[in-house]
Amino acid sequence: MAIGKYKEWLTPEGLATIEGYARDGLNDKEIAEKIGVNKATFYDWLKNYPDFSDTIKKARAPVNEIVEKTFFDTKLKPQTVTETITEKTIHRDADGNITSTTEHIKKQERYIPADTTAMLFYMKCRMPDKYNDRINVTIDNGKELPKLYEALEAEDDIREVVEEAETDI
């Protein structure tokens with residue numbers, strides 16, 4: 001890598017090019033490849049050059065808002081959609097020959113519940129301290145450890161044992 005290569009990307013023309021890449025939906029790795037640096041260098045530039053990181057954030061913001069709004073509208077809210085169904089009826093005579101056809105257009109409403117998997121994913125990403133798949137347990141006194149082992153073996157609710165241990169401390 002040439003020393004000072006970042007300077008050409010901090011010019012108005014360079015930042016406009018970077019902004020275009022980000023607006024087009026390129027991820028960090030793809031932008032780094034386009035500008036001819038490795039991903040680690042790219043991340044260093046994001047940390048060290050506010051104009052560089054602000055340009056990328058600004059370019060991605062409108063797209064992120066659209067995706068977020070679509071996500072909320074389609075996944076987190078229950079919906080009722082109206083579907084149009086066309087049914088054809090074929091009329092035949094006694095010999096089995098087709099005499100006519102008729103079309104019936106029906107409108108049918110279908111309920112689509114909120115996507116609980118999407119909700120869980122959202123909560124885990126946005127609130128990892130509260131929603132995660134791990135239970136962090138810190139025990140200061142060794143007397144509660146055997147109770148935890150027993151609860152694991154008995155497949156009891158560990159939270160109850162932990163709560164008891166917390167009250168004893």
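The values are calculated or read from the model by the stated rules, or taken from the named source; none is laboratory data. Nothing here was measured: the structure is a model prediction, and the numbers come from that model. Methodologically, a virtual Cβ is constructed for each residue, glycine included, from the backbone with ideal geometry; neighbour enumeration extends over all protein chains shown.
Annotations
- Among the residues of the range 71-88, just one is surrounded by 10 or more Cβ atoms within 10 Å (Cβ to Cβ) and among the acidic types (Asp, Glu), namely Asp73.
- Criterion applied to Glu30, Glu68 was being under 30 Å from Tyr111 (Cβ atoms), free of Cβ contacts under 8 Å to residues at least 24 places away in the same chain and surrounded by 11 or more Cβ atoms within 10 Å (Cβ to Cβ), and the one residue passing it is Glu68.
- Evaluating Ser100 against the criteria (1) loosely packed, with under 12 Cβ neighbours inside 10 Å; (2) touching a strand residue (DSSP E or B) at 6+ places or on another chain (Cβ under 9 Å); (3) modelled with pLDDT under 90 leaves one unmet condition, (3).
- So Val81, is it within 30 Å of Asp115 (Cβ to Cβ) and part of a helix (DSSP H, G or I): no
- Checklist (1) of a type in the set (A, V, I, L, M, F, W, C); (2) under 30 Å from Met123 (Cα atoms); (3) exposed (fewer than 13 other Cβ atoms within 10 Å of the Cβ) applied to Ile105, failing item: (2)
- Residue match in the range 55-62 (condition: under 30 Å from Gln108 (Cβ atoms) and part of a helix (DSSP H, G or I)): no
To keep it simple, each residue is scored yes or no on (1) at pLDDT below 95; (2) hydroxyl-bearing (Ser, Thr, Tyr); (3) more than 28 Å from Val67 (Cβ to Cβ).
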| position | (1), (2), (3) |
| --- | --- |
| Ala2 | yes, no, yes |
| Lys5 | yes, no, yes |
| Thr11 | yes, yes, yes |
| Gly14 | yes, no, no |
| Asn27 | yes, no, no |
| Ala32 | yes, no, no |
| Pro50 | yes, no, no |
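- Residue check: Val37 meets all listed conditions (1) of a type in the set (A, V, I, L, M, F, W, C); (2) at pLDDT below 90; (3) out of contact with any strand residue (DSSP E or B) (no Cβ under 9 Å at 6 or more places or on another chain); (4) not in a helix (DSSP H, G or I) but one, namely (2).
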